[in-house]
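Worksheet: one structure, shown below.
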Amino acid sequence: MTTPAKSEGTAAVKDGGAPGETLLKVTGLQKHFPIKKGLLQRQVGAVRAVDGIDFEVRSGETLGVVGESGCGKSTMGRLITRLLEPTAGTIEFEGKDITHLGVGGMRPMRRDVQMIFQDPYSSLNPRHTIGTIVGAPFRLQGVEPEGGVKKEVQRLLSVVGLNPEHYNRYPHEFSGGQRQRIGIARALALKPKLVVADEPVSALDVSIQAQVVNLMDDLQEELGLTYVIIAHDLSVVRHVSDRIAVMYLGKIVELADRDSLYRAPMHPYTKALMSAVPIPDPRRRSAKSERILLKGDVPSPISPPSGCRFHTRCWKATEICRTTEPKLVELKPGQQVACHHPENFADQAPQDTVLLSAAKEAAELVADEVLAESAETSAAVAAEVAGHAEQAEPAKAEPAKAESAEPAGAAESGADAAESQESTDK
Ligand SMILES: Nc1ncnc2c1ncn2[C@@H]1O[C@H](COP(=O)(O)OP(=O)(O)OP(=O)(O)O)[C@@H](O)[C@H]1O
Ligand code: SF4
Ligand SMILES: [Mg+2]
């Protein structure tokens, strides 16, 4: 997570590879959940939750993944951590194909790839003390940390800002933000290389969201972690991501480095999502401008629209958008886009005329002031995270700290993994 200055200064990237090297590579990844009906449970269709995506995650970076509810973000996260079995495509971790590894094959991998879950209330077993919860990965992996499990767990608790004396307390004795810190400690127990965080702060009060995001940011710096952070709110990932992937209905529609994406978004959907991001700077907010407000819900992933899946909500849609799916191609260095008529770039299919009826119903231009009010709370988080990112820059002058830092630790989402796999991968 990082400002550009921070990414240059990331001192300790886990031994998974030099900063910038490909850690995880995903090709043509699909997950179709079958829909079954009748006594014989015959398959009558499928929810195309993830429908052919390609991307890579580089060592030491934070990849933000954003998109509206139901676009397949969590499914993607569960696929790359192998909590779900893909329908098609491949997943390579450090050059090794892990697409279809079984439980046994994945066991060593579980140390390297961990997940932080959205809901800190349901992801911690209420009957276990936090000592047991954070120490579970050691037991599950048969690892005996130096000085013993208890000592290591207490160290981890203090790394995430909790009192090590609270080792014997139960989850209900902690606030939401503290519980998420416990989840983070568990995820870090085995010193993972890649951490996938699925909406890590969306269940928390606005006042604590920034604290947790900033904690994750600091831990990345200290421990050389690589993050995939899933969010529906661009304001949360903005200041912590090096690159951002924008998903729409099971597809990646734009993948770009953070600054290019914010300076000049190229996919109309990205532009619309950014319209909803509050501007924390009051001087800029007062500037007269209009925003794009998308109407209607995301279409069903059971039968997504033909051609470009966004054509039913896009104010620029033309006939070719209805018939031909645009490929994700690199239109500018470091900026991949799937659109026939991208923003801030030459039209890729200039012969077409806009489908006026669709365009009129698709989106609405709304005066800035109308949205400003509803955006107030997210603005507070964005501003606090941004402030932290700025403050964090001088820290790169002390790389020695990062190198000597011992990763925290304890997450066997292996336990969660097994459970979730049983409950969701049907
Ligand atoms: N186990 C499952 N069985 C059937 N359909 C599923 C399953 N899990 C997810 N889906 C469907 O797949 C689609 C994508 O779901 P997913 O949870 O990945 O979306 P999301 O982008 O994470 O949404 P949100 O922002 O609400 O968390 C949704 O339509 C969802 O209903
Ligand atoms: S212009 Fe066409 S291809 Fe581009 S997002 Fe809109 S509908 Fe899709
Ligand atoms: Mg989700």
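Quick notes
- Computed extension length for Thr353-Glu56: 103.4 nm, one decimal, from 0.36 nm per residue of separation with the Cα-Cα distance subtracted.
- Approximate spin-label separation Ala346-Thr22, in nm, with each point projected 7 Å along Cα-to-Cβ: 2.8
- Selection among Leu273, Thr226, Ile292 by position relative to the dipole of the stretch 194-352 gives Ile292 as farthest towards the positive end (Cβ unit charges, Cα centre).
- Protection-proxy order for peptides 185-192, 105-112, 214-221, each taking the mean of Cβ atoms within 10 Å per residue, highest first: 185-192, 214-221, 105-112
- In this simple spin-label approximation, Gln41 and Thr323 carry label points 7 Å from Cα along the Cα→Cβ vector, and these lie 4.3 nm apart.
- Taking label positions 7 Å along the Cα-Cβ direction at both Glu85 and Val103, the computed distance is 1.3 nm, reported to one decimal.
- Check: the stretch 78-147 dipole with +1 on Lys, Arg Cβ and -1 on Asp, Glu Cβ, in debye: 240
- Shown is the FRET efficiency for Lys150 and His128, computed with R0 = 22 Å from the Cβ-Cβ distance and rounded to the nearest 0.05: 0.95.
Computed from the coordinates by the stated procedures, all read-outs in this text should not be read as laboratory data. Every value quoted in this text rests on a predicted model; they were computed, and no experiment measured them. Virtual Cβ from ideal backbone geometry, glycine too; neighbours counted across all protein chains shown.
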